[in-house]
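> Please read through the structure below; I'll follow up with questions.
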Amino acid sequence: MSGKTNKLRKASEAFIAASNCYDVERVLSLFTSDAVIDDPSTGHCFDGRAGIRDYIERYFIGYRTRTRFLSMESLGDHRALVRVDFSGDFGHEIGLLKVSVNAEGMIVRIDADLE
């Protein structure tokens, strides 16, 4: 596994673990201050740490979402497509997270979608 792929895998797994524990502060520590989560299934784009806090509190804690890592495909240039299994008060969905990290392995963007 290349260094870039390893950073992506580590960041993705850390995000899943922190969100499964509903640890908002730990989730936020994984993102750059100007990071973005764009999730069309919610109808919103979440900017910066305040937006990401809102996203986690509303859609992970609020719906008791649990996420399970299924697979990861490298997209090059510090980007990967992570396939996940979501379950919670909303039911069950398979999701896709296009995760982008910087050279230090901090998450700069997640584009989320459902399969």
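The values are calculated or read from the model by the stated rules, or taken from the named source; none is laboratory data. Note that this is a predicted model, so its numbers are computed, not measured. Note: ideal-geometry Cβ built from the backbone for every residue, glycine included; neighbour counts use all protein chains shown. Side chains are part of the model used for accessible areas, which takes the heavy atoms of the whole protein and leaves out ligands, DNA and RNA. Shrake-Rupley method; radii C 1.70, N 1.55, O 1.52, S 1.80 Å.
> Just name the residue that is nearest to the chain's Cα centre (by Cα) out of those in region 36-45 that are open to solvent by 10 Å² or more (accessible area, probe 1.4 Å) and of a type outside the set (D, E, K, R).
Only one residue tops the list, namely V36.
One line per residue, one yes/no per condition, for (1) without any contact (Cβ under 8 Å) to a residue 24 or more places away in the chain; (2) part of a strand (DSSP E or B); (3) hydrophobic (A, V, I, L, M, F, W, C):
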{"position": "Y55", "(1), (2), (3)": "yes, no, no"}
{"position": "R64", "(1), (2), (3)": "no, no, no"}
{"position": "S71", "(1), (2), (3)": "yes, yes, no"}
{"position": "S74", "(1), (2), (3)": "no, yes, no"}
{"position": "S87", "(1), (2), (3)": "yes, yes, no"}
{"position": "V99", "(1), (2), (3)": "no, yes, yes"}
{"position": "I110", "(1), (2), (3)": "no, yes, yes"}
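> Sticking with this structure for a sec: Being open to solvent by less than 20 Å² (accessible area, probe 1.4 Å) and either in contact with a Lys or Arg (Cβ under 7 Å, 6 or more places away or on another chain) or more than 18 Å from A112 (Cβ to Cβ) (or both) is the filter here; which residues of region 1-35 pass it?
If the condition is that a residue be open to solvent by less than 20 Å² (accessible area, probe 1.4 Å) and either in contact with a Lys or Arg (Cβ under 7 Å, 6 or more places away or on another chain) or more than 18 Å from A112 (Cβ to Cβ) (or both), then A18, V24, L28, F31, A35 are the ones that fit.
> Looking for something farther than 20 Å from D23 by Cβ, open to solvent by less than 60 Å² (accessible area, probe 1.4 Å), at pLDDT below 95 and of a type in the set (G, A, S) - is there at least one such residue anywhere in region 60-79?
yes
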